[in-house]
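Contents: one structure, followed by commentary.
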Amino acid sequence: MTTVETATGQVKAMVLNMGPQHPSTHGVLRILLELDGETVLKADPDCGYLHTGIEKSCEDKTYSQAITLTDRIDYLNPLGNNLVYCLAVEKLLGLEIPKRAQYVRVMLTELQRISSHLVWLGTHAIDLGAMSVFLYCFREREEILKIFELFAGQRMMTSYFRIGGLALEPPAGWRQAIERFLKMMPSRVDEYETLLTKNRIWMARTQGVGYISAEDAVALSMTGPTLRAAGLAYDNRKLYPYSSYEEFEFAVPTRKESDCFARYMIRVAEMRESLKIVKQAYDKIPDEGPVRTNAPGIVPPDREKMKTEMEALIYHFKIFTEGFSPAPGEAFVAVESPRGELGCFVASDGSPKPLRVHFRAPSYINLQALPKLIVGQLISDVIACIGTIDIVLGEVDR
C-alpha cells in the first residue's frame, strides 16, 4: 500500500503489477498500477523485457542481409518493415524502382495491413470475451498468409521486398488468388461488424473508455488509428506518398470520439479502404515488365543471365559475398504501418555495412500515451485500452 495525493485528498492506494506475463498484454510489457479499489490512479508502463537488438544487429550485416532482420521488428507487419528499410536504402543509393515492382509492393503491403488488423481485432475481441470473432479473423488471415506463401515461399517472415525491387517475379496463379480474396473478404468484414458494432456488451466495454484528446495525442507524437480516432487525418500514404501511393484512390477514415470504440471503427474502415487499394493495384500490375531496377553491382542480375554471362555471375557473387558500398550519407523514409508512422534512418560511411540503422517504431511512441488512456478507468478497462493501442513489443524493444 502507498499514499497517493488525489483531487479529494490523500488515499491509500494498492500497487499492482500487471505483467510482464499477463495474457492480455500480448508481449512482455509490465504496467505498474496504483489503484483505489477498482479505479486506476496512476499507471507506469515499463518496457525493456524483450531485447531483440535488431538495430545494432543491422550494423553488423551488409545492407542486403539486414532485410531479414527487419521482418522480425513487427511480426504482424514484416512486408511493411521490409518496405521502409528498402526505401531508405534506395533513397541513399538514388535508385528508381520499376512501376510494376512498386504496384506489387503496394498490393502486398495493404494485404499485410489487413492481416495485422485481423490479428488485432481477433485478439482484442477475445480479451473482451468475444470468442467467435477471434476464430473468424484468424480464418481470413490464413487466406492472406497463403497469398504471401505463394509469392515468397514464406507465410510470415517473407523478406520478399529487396533493395531495388522484389526478390522474385509474381508467381503463376497470383491473379486468381487475389481475385478469390477480393471476392470473399468484404462480406467477412460485414460479418465482424454484425457481431460487434451494435453488440451491447462490446459497446459497454469500449464506448467512453480510454479517451485521449486530440491535443494530447499530438503532443505525445501518436500516429496511426489512435490519432485518426481523435479526428486527425494524418496518413503518410496521403501526405508523403511513396511507392506510387499518389496514384491510388482511398479515404483516410477519422472519428471524433477518441475512445476504444472509435479506434475499433477506424481499423474496420481501414480494412475496407485497403481492399480498395489492393483491387486498384491488382488492376495496375502489368503481366510483364521488370521487377528489379537495373543497377549492376547493387541489384542481383536475373538468374538466366548468370547462366550465360560471366559479368552477371561475377556481380551476383560480389553482391552476396561482399555487398555494395553506398557513398557516405544518410537517408530517412517514413511509411504508414498498421500501427502508425514507421520511419527508417540509414547512415552510410562508405563501407558495405550501415554505419547506423534506426527505426521510428509507432508502438514505442504510442505506448507513452497509455497512462493518459487508463488513469481514471477501472482495472478491467486497462485491457481494452492496451488492446486499442495495438502495441507490438518487438517494435518497443528493438
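The values are calculated or read from the model by the stated rules, or taken from the named source; none is laboratory data. All values derive from a computational prediction rather than experimental measurement. Methodologically, a virtual Cβ is constructed for each residue, glycine included, from the backbone with ideal geometry; neighbour enumeration extends over all protein chains shown. For the accessible areas, the whole protein counts, side chains as well, though only heavy atoms, and no ligand, DNA or RNA atoms are used. Shrake-Rupley method; radii C 1.70, N 1.55, O 1.52, S 1.80 Å.
At a glance:
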quantity	calculated
Test: residue in segment 152-172 that is in a helix (DSSP H, G or I) and more than 26 Å from ASP190 (Cβ to Cβ)	yes
Matching helices (runs of 4 or more DSSP H) fully within segment 191-234 where at least 2 residues are of a type in the set (Phe, Trp, Tyr) and loosely packed, with under 15 Cβ neighbours inside 10 Å	none
In segment 165-180, residue nearest to GLU142 (Cα to Cα) [restricted to those that are in contact (Cβ under 8 Å) with a residue 60 or more places away in the chain and of a type in the set (A, V, I, L, M, F, W, C)]	ILE178
Scope segment 351-375; condition more than 25 Å from ILE212 (Cα to Cα) and of a type in the set (Ser, Thr, Tyr); matching residues	SER351
Single residue of segment 155-176 satisfying the filter (in contact with a Leu (Cβ under 6 Å, 6 or more places away or on another chain) and surrounded by fewer than 17 Cβ atoms within 10 Å (Cβ to Cβ)) that is modelled with the lowest pLDDT	ARG155
Residue among ARG205, ARG180 that alone is touching a Leu at 6+ places or on another chain (Cβ under 7 Å) and among the basic types (Lys, Arg)	ARG205
Selection count, segment 208-233, where residues are in contact (Cβ under 8 Å) with a residue 60 or more places away in the chain and either in contact with a Leu (Cβ under 6 Å, 6 or more places away or on another chain) or farther than 24 Å from VAL382 by Cβ (or both)	3
Residue ID - nearest to ALA125 (Cα to Cα), chosen from residues in segment 243-265 that are buried (at least 19 other Cβ atoms within 10 Å of the Cβ) and either small (Gly, Ala, Ser) or in contact with a strand residue (DSSP E or B) (Cβ under 6 Å, 6 or more places away or on another chain) (or both)	ALA262
Test: residue in segment 314-328 that is under 27 Å from the mean Cα position of the chain (by Cα) and of a type in the set (Lys, Arg)	no
The listed residue being charged (D, E, K, R) and crowded, with 23+ Cβ neighbours inside 10 Å, out of ARG105, ARG72, ARG100	ARG105
Segment 122-143, residues that are more than 18 Å from SER380 (Cα to Cα) and under 19 Å from the mean Cα position of the chain (by Cα)	GLY122, CYS137, PHE138, GLU140, ARG141, GLU142, GLU143
Residue match in segment 180-194 (condition: among the small types (Gly, Ala, Ser) and under 29 Å from ALA262 (Cα atoms))	yes
Unmet requirement for PRO300, which otherwise passes all of (1) in a loop (DSSP other than H, G, I, E, B); (2) open to solvent by less than 40 Å² (accessible area, probe 1.4 Å); (3) in contact with an Asp or Glu (Cβ under 9 Å, 6 or more places away or on another chain)	(3)
Hits in segment 75-97 - residues which are open to solvent by 10 Å² or more (accessible area, probe 1.4 Å) and either under 25 Å from MET271 (Cβ atoms) or in contact with a Gly (Cβ under 9 Å, 6 or more places away or on another chain) (or both)	TYR75, LEU76, LEU87, LEU92, LEU93, LEU95, ILE97
